[in-house]
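Below: one structure, written as structure tokens.
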Amino acid sequence: MSGAPKDYYTSMVYKSNYRDTQPPFAMGAVPKKHIQPYRIPFSSSQQSINNNTLPDGSVSSMAPSAPTTVQQAVYAPSRPHGYETCDAAKPTGKLYTHNPYASSCTTPLSGLSLTSGVDSFTNAHQGSYTPSTTRSSNSITTPHSTAKTTRPVYAASEASGGGETGVLTSTLEEQFLGVVGSIAATAMSSRGRHLLLSVLRLQHVDKIQMIYDEIAPQFNVVAVDQHGCHVVRTLMEYVSNEQMEALVPLINPAVVLQMATATQHTRRVLQAIFEHHKAEGLMPLVQIVKSNCKQLSMTQQGCIVIIRVVEYALPAQKRALINELVPILPDLATDQFGNYVVQCILKNMDGYISLEDLVESFQGHWVELSCDKYSSNVMERIIGMLRGHSRQRIVNELIFDVPNLHRLMQNNFGNYVLQAVIGSAVDQYEFKRIYDAVIPFLHTSPYGHRIEAKLKGRYDVLYKNASMGCCPVDASPK
């Protein structure tokens, strides 16, 4: 043993060998807080003494009677905090009876009650379980029943004074029938919005027609409401092309612009119209968008409307919008939102506008656009698409004009355009000319390491399987 005192270890051995010398809690037992059954409470002894005392204070000379048996206190575990009894007479509080977004309605079991369930399982090993035939107020419900009934959306609440929709029924169809006649107002409330969305997703033609008939006259109000726009957008997904064409004349042009620029939720109403309906009757909406295309293209939500029209509209509608956008492409290319419209046109221009006409609109602005934060993305995409004479003209303006080349190499955005020109070199001859023009100024550029890496990468592509006779010396394989 180490240098601990001998008496210390002796005391430890004594305590470990003689458990009676230790308190109960030291041996792992929880101290008992209740009266022990083999002990007589102090109160009973005091009571017996008091029984021998006369009213005048003297002690009775009579012998005390035989000791009475004291009712022993039996330990009963206390109920934990929050424990609730299964008492059917106990008044029940408000219960949330179902999930509003469940796939089927919550139908209570007709034969099993809370009280009978507890009684039946007390003697599980003595007899078989027989459910009670009477229904209790606290009946157990299954979260997803297989009963073929309409799914409820809201549980009836005795304390809700009608809510926003004033409907206290338990099934979806009954709730919907309760708001017929005021569907437009119902759509502009939080609870009513969820009700109508659930009805629309049933895809019942009669119910869709009823909602359409009431919302169409109030479209200009409901479509820009924070709740109603969700109902209108979902309605646009389910109505037919004929219903959509009948709705277009009722839409105010000012409301179209407001939907396109207000919020992402109102913008999605217009987006849903063009995504789910390809009809000639939508041309009035395209005309409104076309007349304000520059204003819309320079807003966060409006540019998405332009992009969706270009992607989903009919060819004639798409051509009319693109022709209106081509003259203002240089202005849009330098805008933080408009540059996405230009890139969308470049991606969807086949059959609507030639690449030469598109390049002509940027003529004389290549260097300025290449050094701009937003339009440099457009220039990179255009350079990757160009071939032939159009490409040669742009390469001559950007690369073989020394002041312009020096500007690109010094600019934090222009150097990416220069890398795009190098990375899209079509043949060895063009690459050799670009290489000879860039190398003398490479050491002056703060982005020279990136440009040099692009030169070597393009060299590997063009010269990997070719002869080494005309290859640049510095770009030879390592």
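The values are calculated or read from the model by the stated rules, or taken from the named source; none is laboratory data. Only a predicted model underlies this, so the values are computations on that prediction, with no experimental measurement involved. When we count neighbours, we look across all protein chains shown, and the Cβ atoms used for this are built from the backbone with ideal geometry, even at glycine.
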| task | Determine which member of the set V438, V417, V461 is in contact (Cβ under 8 Å) with a residue 40 or more places away in the chain, among the β-branched types (V, I, T) and in a helix (DSSP H, G or I). | result | V417
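Each row is one residue, and each column tells you yes or no for (1) over 19 Å from I304 (Cβ atoms); (2) β-branched (V, I, T); (3) at pLDDT below 95.
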residue: I211; (1), (2), (3): yes, yes, no
residue: I215; (1), (2), (3): yes, yes, no
residue: C229; (1), (2), (3): no, no, no
residue: A262; (1), (2), (3): no, no, yes
| query | Of the numbered conditions (1) over 28 Å from R407 (Cα atoms); (2) of a type in the set (D, E); (3) touching a helix residue (DSSP H, G or I) at 6+ places or on another chain (Cβ under 9 Å), D350 satisfies every one except a single condition; which is it? | reply | (3)
| task | Read through the list (1) of a type in the set (A, V, I, L, M, F, W, C); (2) touching a residue at least 40 places away in the same chain (Cβ under 8 Å); (3) in contact with a Cys (Cβ under 9 Å, 6 or more places away or on another chain), then give the number of the only condition that L325 fails. | result | (2)
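Suppose the filter is at pLDDT 90 or above, touching a Gly at 6+ places or on another chain (Cβ under 6 Å) and farther than 22 Å from D460 by Cβ; does L369 pass it?
Numbers: at pLDDT 90 or above: yes; touching a Gly at 6+ places or on another chain (Cβ under 6 Å): no; farther than 22 Å from D460 by Cβ: yes.
Taking the combined requirement at face value, the residue does not satisfy it.
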| said: Quick check on my filter: what residues within region 231-251 are part of a loop (DSSP other than H, G, I, E, B) and either within 16 Å of V305 (Cβ to Cβ) or in contact with a Cys (Cβ under 8 Å, 6 or more places away or on another chain) (or both)? | reply: I251
| query | Only one residue in D436, D460 is modelled with pLDDT under 85 and not hydrophobic (A, V, I, L, M, F, W, C), so which one is that? | reply | D460
| query | Within region 234-249, can one find any residue that is closer than 19 Å to S182 by Cβ, free of Cβ contacts under 8 Å to residues at least 40 places away in the same chain and surrounded by fewer than 18 Cβ atoms within 10 Å (Cβ to Cβ)? | reply | no
| Looking at this structure, is E397 assigned to a helix (DSSP H, G or I), over 43 Å from the mean Cα position of the chain (by Cα) and free of Cβ contacts under 8 Å to residues at least 24 places away in the same chain? | no
| message | Taking the condition of being of a type in the set (S, T, Y) and either surrounded by fewer than 18 Cβ atoms within 10 Å (Cβ to Cβ) or touching a Leu at 6+ places or on another chain (Cβ under 9 Å) (or both), how many residues in region 372-384 meet it? | response | 2
| message | Checking I383 against (1) without any contact (Cβ under 8 Å) to a residue 40 or more places away in the chain; (2) in contact with a helix residue (DSSP H, G or I) (Cβ under 6 Å, 6 or more places away or on another chain); (3) under 21 Å from L462 (Cβ atoms); (4) assigned to a helix (DSSP H, G or I): exactly one of these is not met. Which one? | response | (1)
| message | If I filter region 408-464 down to residues being among the β-branched types (V, I, T) and under 48 Å from the mean Cα position of the chain (by Cα), which single residue comes out as surrounded by the fewest Cβ atoms within 10 Å (Cβ to Cβ)? | response | V461
| Search result, residues across region 227-278 that are closer than 15 Å to L197 by Cβ and aliphatic (A, V, I, L, M) | V231, V232, L235, M236, V239, V269, A272
| Inside region 343-367, can you point out the residues that are closer than 16 Å to K318 by Cβ and of a type in the set (F, W, Y)? | Y352
| query | Can you pull out the helices (runs of 4 or more DSSP H) entirely within region 257-371 that have at least 3 residues that are in contact with a Phe, Trp or Tyr (Cβ under 8 Å, 6 or more places away or on another chain) and crowded, with 16+ Cβ neighbours inside 10 Å? | reply | 302-312, 329-333
